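Right, one structure below, let's go through it.
The values are calculated or read from the model by the stated rules, or taken from the named source; none is laboratory data. All values reported here derive from a predicted model rather than from experimental measurement. Quick reminder, even Gly has a Cβ in these numbers, built from the backbone with ideal geometry, and neighbours come from all protein chains shown.
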Amino acid sequence: MFKRFWWVFLVIAVIGPVIGLMVAAVVTYVIPKKYESQATIEVRQGPMDGGSHQMTPQFFGTEFEIIISHDSLVKVTDKLELANKWGVDKETAIRILKGIVQTQNIRGTDLISVTVRHTNKADARDITAEIVRVYRDYRKEVSKRDLERNLAEWNKSVREQEDKVEERRKFLSEIEMAREKNITVDGTETLLHLSDSPNYIDAKNDFEKNQTVLSEMKLNLVRETMNGKLSEDSVIIHEEPQIGDFPVSPNVTLNLILGTALGFLVSPLLAIVVIVLLNLMLPAKEGGDAARPG
């Protein structure tokens, strides 16, 4: 059977890849094209992140979940009116949105990439930009809230320290007045030379010590305020999302190569099928000659 139609293997070996190429081309043409838009951002850590400057996998994992959280995607869906644009209900639009957004840490850096793939290139760009905006607003809001809480605590501590300084100042003033009137303060008789009085020296040292602490606390308050103001905008955009001119899916070149390779691999099987059919349709000549009368 195979000896008679051996040439079929050669023919199918040539035709198979061509058929595979044609099928891959048709499938590639039919599959909806998807365009990609990407934004690259940097997240600067602040007091809200524990004050650590080390970017850990846990930190990135948390931020990724925040970016694609339901609350964030609801805001994106509402802002861009995706439910109306896509002709679906709101929850369906959110599910679609969650499926087309990808976040990842760019290896070797502290940068985060936000990528969106969609059949509409403009939608892909707009969605990427809006996701970054919503996330940026979230970071600003949390930073501002934490800054206000921290400043309230610092201001409270400064006021308490001011009260201590005022108490020490009053006590020191009482000792000075007592010397002039030659009376006692807290049961201790003032001396003629006030600078030699242990009571006065201790009070003065205590006053100066608390005054120094107050000055340091005020400097820290100013520093905390400045750092907090700087960290309010903790999301820096390094790459704005752009409209993709060329589709990233399907991969035309890869599909054509795979189609051609698959056509070549299955060509032996197709050749066997063709040979079987030829044998059924064309009986062997030897059998036909033997059936003739002598």
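Number of residues in the range 104-129 that are among the charged types (D, E, K, R) and buried (at least 22 other Cβ atoms within 10 Å of the Cβ) equals 1.
Figure legend. Inter-residue proximity from the range 269-294: first residues closer than 16 Å to A13 by Cβ, second residues at pLDDT 80 or above and surrounded by 10 or more Cβ atoms within 10 Å (Cβ to Cβ), beta-carbon distance below 7 Å, spacing 6+ or different chains. Indicated pairs: L270/I12; L270/G16; A271/I12; V274/I12.
Only one of the numbered conditions (1) touching a helix residue (DSSP H, G or I) at 6+ places or on another chain (Cβ under 7 Å); (2) modelled with pLDDT under 85 is not met by N105, and that is (2). Of the candidates E174, E180, E141, E148, the single residue that is under 35 Å from the mean Cα position of the chain (by Cα) and modelled with pLDDT under 85 is E148.
Counting only residues that are closer than 28 Å to M226 by Cα and among the acidic types (D, E), which one in the range 151-179 is surrounded by the most Cβ atoms within 10 Å (Cβ to Cβ)? Selected residue: E162. For the range 109-120, the criterion of being within 23 Å of V142 (Cβ to Cβ) and of a type in the set (K, R) is met by none of the residues.
Each row is one residue, and each column tells you yes or no for (1) hydroxyl-bearing (S, T, Y); (2) surrounded by 15 or more Cβ atoms within 10 Å (Cβ to Cβ); (3) at pLDDT 85 or above; (4) closer than 30 Å to S157 by Cβ.
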position	(1), (2), (3), (4)
N199	no, yes, no, yes
E216	no, no, yes, yes
R223	no, no, no, yes
M226	no, no, no, yes
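When each of V74, V165 is tested for being β-branched (V, I, T) and more than 18 Å from the chain's Cα centre (by Cα), the lone residue that passes is V165.
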